[in-house]
Each structure stands twice: as structure tokens, then as C-alpha cells.
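Let me begin by presenting the structure, written as C-alpha cells, before commenting on it.
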Amino acid sequence: MGQGAEAFGLPFVPPYLGGGDFQYGANFAVGGATALNGSFFRERGVEPTWTPHSLYEQIQWFKKLLPSIAPSETERSDIMSNSLFFVGEVGGNDYNHLIVRDKSLDELHELVPNVVGAISSAITDLTSLGANKLVVPGNFPIGCVPLYLSIFPSQKEDYYDEQTGCIKWLNEFAEYHNSMLQEELERLRNLYPDVTIIYADYYGASLNIFRAPLQFGFTVPLNACCGSDAPYNCSPSILCGRPGSTVCSDPSKYISWDGLHFTEASYRVVIQGVLGGYAIPPLSETCKGGEFKVSQLHQCTDNPTNTVTYDTLSSFI
């Protein structure tokens, strides 16, 4: 989110609930959060592993905060219409719950409409409150995650992408989620023609790095910087920060920080990619006069003065 705030010419937003200065926005993201509530998984025999705070709960936090920063209807209308809302990336952890339990691909596909529906509900909630500028990212190429590369090895022919070395079926699943999400966003655009909904193609921007890592200065594309001496420097038993883990000397040469999340350097490239064309509609078309400069991105969204973030970059990768 830091790279996004920089690019939009906005101050960093406080990443906590209490005691923050919300003059320029708020970050409601929670590491490991899901789009769906924990009860959804428990009803299906899956105990949530990471955090109980779903996207729905994050939206409720915002609704609770809003009256304190915008007591009157006029103030609320003003702050909502002058804020830029990042809704995601979210959904990755929903799928991670099933993937790490070795659930079938069919079970993963069955989950997609529910995840996309939860994201759609969050967008609808925000538009009903007056939000008219939203950025909704898609999922990352999870087949390139070092942890998954480590725990799902295979000697099968055509299992890995020849160009990137990533697991093909996992990336194809991420593509499926993203296609379903884009269809839903188009439906919402037609439903709310006065609302700008931008799809941020994190998948495309990230895959662009994996296809030509040296072009972006990454000499170690598939290994984790912080981890173990296992394949891909990543093992579920010795994750980054645990006893026995080690840290590389130069994280800027790695795409993955801990086998689950990107390094700061690679996140920056992803955001630059989104600003440079990996978005639907392209930001160059959204900008006034058809011109686009990263330093003037605020002009593309009627000068937003605040950012509000839900679950951005908190999923694996």
C-alpha cells in the first residue's frame, strides 16, 4: 500500500484501528484476511488458519469510523466523493485455506463465485455510502509463490511454465478468479454508471516480472529472500522469522520476501505496472485529457484527498 500511496501523491495511511490520524485516509487491511467470513469455512469443515477478520468485518469497521470523521450528511458526502477506495487484493487467502489442505481443483472453482460475491457486496456497500472511485485488484500469479513451488513439486511434463518456472495449474486458477471478478466489475459498472471502478491487474503486472526478471533487476526470481535452505529457500516448517531461518544479503534482487509475499522492490514494480497499463480501464484513459503521469495520478480521480484500503496485499505473495 505504501507504493500505491506514493504513486497517488497521498500520505501513508495509518495501518491500525485505534489512535490514528485519519485525515488522509485509513487502512483496514489485516494480514491473512479472507473475503469470506470464518463461519463459511467452518460450515464446510475448514478451520480458518490466519485471522478471523474478513472483508465484511473490515467494511463494518469503516462504517463505525465514518460518523466520527464525517458527522453530518454533507461531510460524509464530501469525504466519500473525495476518497479513493482500494478494495483488495482480497480472495487469495480464501483459496489458500483450501490449497494448503490439498483440496481438489473442483472445490477451488466452486469457491470462486462466493469470493467474488463477497467482493461485490463490499463494493456495493461502499457505493451506497457515496464512494465513487474504487480500485479493485485481481489475484496474483500464485503458481509463482515459492511456498507452493516448494510443497507442490512435480516431475510431470508440462507442469511448470517453461518461461517462468511457475506452476501452471495454480496460475490458471488465479486467471479464472480474475476473469470472474472482471465480469462482476463490469456488471457493477453498468449498475452504477457514475462510479469509477478500476480493475488493477496485479496478475499481469506480476507475471511480467517473472517473464523477464533481469529487466527489473531481479536475479533470484523464484526463491524467497527470507526462509530456509529448502528448495526455493522456503519450507512450511521453517518460515521467515522462525528459528533456523536466514535472510538474504540483498532483498532488492529477490521477487519474494518470505516465500509468501513480495519484497518491497517487487511490489513497487507491480504498482508501476498497474499505473503504466495493467488496469481496466487503463489509467491513461481515465485521466483528464488522456494524459498520464505517475506524479499527477490524483488528476485521474478528481483529486482524491483520502485513501481507504481493505485487505490490500495481505494475501499470499
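In the range 116-133, is there at least one residue being part of a helix (DSSP H, G or I) and of a type in the set (D, E, K, R)? The answer is yes; a qualifying residue exists. In a residue-by-residue description of the range 194-217, the property of being part of a loop (DSSP other than H, G, I, E, B) and of a type in the set (Ser, Thr, Tyr) applies to no position.
Criterion first (out of contact with any helix residue (DSSP H, G or I) (no Cβ under 8 Å at 6 or more places or on another chain), at pLDDT 95 or above and closer than 20 Å to Asn171 by Cα) does Arg189 satisfy it? Against the criterion (out of contact with any helix residue (DSSP H, G or I) (no Cβ under 8 Å at 6 or more places or on another chain), at pLDDT 95 or above and closer than 20 Å to Asn171 by Cα), Arg189 does not qualify.
Got at least one residue in the range 134-151 being polar (S, T, N, Q), in a loop (DSSP other than H, G, I, E, B), surrounded by 22 or more Cβ atoms within 10 Å (Cβ to Cβ) and touching a Phe, Trp or Tyr at 6+ places or on another chain (Cβ under 9 Å)?
Within the range 134-151, one or more residues are polar (S, T, N, Q), in a loop (DSSP other than H, G, I, E, B), surrounded by 22 or more Cβ atoms within 10 Å (Cβ to Cβ) and touching a Phe, Trp or Tyr at 6+ places or on another chain (Cβ under 9 Å).
Of the residues in the range 93-100, none is assigned to a loop (DSSP other than H, G, I, E, B), in contact (Cβ under 8 Å) with a residue 60 or more places away in the chain and surrounded by 22 or more Cβ atoms within 10 Å (Cβ to Cβ).
Taking the criterion of being in contact (Cβ under 8 Å) with a residue 12 or more places away in the chain and loosely packed, with under 13 Cβ neighbours inside 10 Å, the only residue of the range 188-198 that qualifies is Asp194. Of all the listed residues (Thr219, Thr263), the sole one being crowded, with 18+ Cβ neighbours inside 10 Å and at pLDDT 85 or above is Thr263.
Here the condition is being out of contact with any Pro (no Cβ under 8 Å at 6 or more places or on another chain), part of a loop (DSSP other than H, G, I, E, B) and either modelled with pLDDT under 95 or not hydroxyl-bearing (Ser, Thr, Tyr) (or both); of Ser284, Ser295, Ser237, it holds for Ser237 alone.
Out of the residues in the range 68-83 that are touching a residue at least 12 places away in the same chain (Cβ under 8 Å) and not in a helix (DSSP H, G or I), which is nearest to Leu134 (Cα to Cα)? Once the filter is applied, the top-ranked residue is Ser83.
Quick one: which residue in Ser179, Ser228, Ser252, Ser235 is touching a residue at least 40 places away in the same chain (Cβ under 8 Å) and of a type in the set (S, T, N, Q)? Break it down into steps so the answer makes sense when it comes.
Working: Ser179 fails: touching a residue at least 40 places away in the same chain (Cβ under 8 Å); Ser228 fails: touching a residue at least 40 places away in the same chain (Cβ under 8 Å); Ser252 fails: touching a residue at least 40 places away in the same chain (Cβ under 8 Å).
When all the criteria are applied, what remains is Ser235.
Please indicate, with yes or no, whether at least one residue in the range 33-49 is at pLDDT below 90, on the phi < 0 side of the Ramachandran plot, outside any helix (DSSP H, G or I) and touching a Lys or Arg at 6+ places or on another chain (Cβ under 8 Å). So far as the range 33-49 goes, yes, one or more of its residues are at pLDDT below 90, on the phi < 0 side of the Ramachandran plot, outside any helix (DSSP H, G or I) and touching a Lys or Arg at 6+ places or on another chain (Cβ under 8 Å).
Against the condition over 22 Å from the mean Cα position of the chain (by Cα), surrounded by fewer than 20 Cβ atoms within 10 Å (Cβ to Cβ), at pLDDT 95 or above and in a helix (DSSP H, G or I), how does Asp106 come out, does it pass? Spelling it out, Asp106 is indeed over 22 Å from the mean Cα position of the chain (by Cα), surrounded by fewer than 20 Cβ atoms within 10 Å (Cβ to Cβ), at pLDDT 95 or above and in a helix (DSSP H, G or I).
If you go through the range 62-84 and keep only what is crowded, with 16+ Cβ neighbours inside 10 Å and out of contact with any Pro (no Cβ under 9 Å at 6 or more places or on another chain), you end up with Phe62, Leu65, Leu66, Ala70, Ile79, Met80. Going through the range 156-183 one residue at a time, which ones are in contact with a strand residue (DSSP E or B) (Cβ under 9 Å, 6 or more places away or on another chain) and part of a helix (DSSP H, G or I)? Within the range 156-183, Lys168, Asn178, Leu181, Gln182 qualify.
The values are calculated or read from the model by the stated rules, or taken from the named source; none is laboratory data. Quick caveat: nothing in here was measured; it's all calculated off a predicted structure. A quick note on method: Cβ atoms are made from the backbone with ideal geometry, for glycine too, and the neighbour counts reach across all protein chains shown.
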